[in-house]
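Presented below is the structure to which this report refers.
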Amino acid sequence: MSDRPVYDKFQVRLFLADAFAKAVRETPYDGVLEPIVDVLKKHDATLSCQFDEFARFVAASEAHGDGNTPLARWTRDVMAKPDKQAYYKSVFTVAVKGEQLFDAAVADRLEMDFAPLLERGIVTRIRRTSNDPARNPQPPKRFG
């Protein structure tokens with residue numbers, strides 16, 4: 001048996017069209033969002049804006065005295081760039097029963113149920129990410 005961690009959990013991120021991203025952030029249960037809300041209810045899920053998650057992470061890091069870590073510095077740098085702000089304000093992470101990481105079968109069902117929203121122009125992209133650090137971006141060396 002290996003001591004190596006098992007990376008078999010996934011996150012699903014939705015990239016929303018601008019009007020829908022703005023509605024989710026400002027008026028989460030506006031009628032225009034009904035197609036998104038229907039899928040979320042089916043899976044006992046919620047959405048969180050990636051930009052808002054970054055802001056919470058930085059605030060928590062600073063509150064715990066960890067605001068100078070490479071990840072915190074990189075996140076602050078990303079948040080300060082207008083083009084990155086616009087981008088990350090359209091990216092939403094799906095949490096199922098309060099968890100942002102889940103088994104592949106759950107990610108499969110979410111992707112399948114959100115796929116019709118691509119055709120309707122509500123969702124512009126669906127991305128699954130792994131919890132394997134080797135498959136995710138790390139802070140650039142200049143922040144280390």
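Taken together, the values in this text are just the output of simple stated rules run on the coordinates, not laboratory data. Nothing here was measured: the structure is a model prediction, and the numbers come from that model. Quick reminder, even Gly has a Cβ in these numbers, built from the backbone with ideal geometry, and neighbours come from all protein chains shown.
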Greater than 28 Å apart at Cα, pairs in Lys89/Lys141; Lys84/Lys141; Lys9/Lys84; Lys41/Lys81: Lys41/Lys81
The chain, Rg to Rh (Cα coordinates; Rh as Kirkwood inverse mean 1/r): 0.99
Computed Kirkwood radius, in angstrom, where 1/r is averaged over Cα pairs of region 40-124: 14.6
Label-point gap, in nm, between Glu62 and Val6 - each point 7 angstrom along Cα→Cβ: 4.0
Inter-part distance where region 75-144 and region 8-55 are each reduced to a Cα centre, Å: 11
Hits among lysines - C-alpha to C-alpha of Lys42 under 19 Å, sequence gap 8 or more where chains match: Lys97
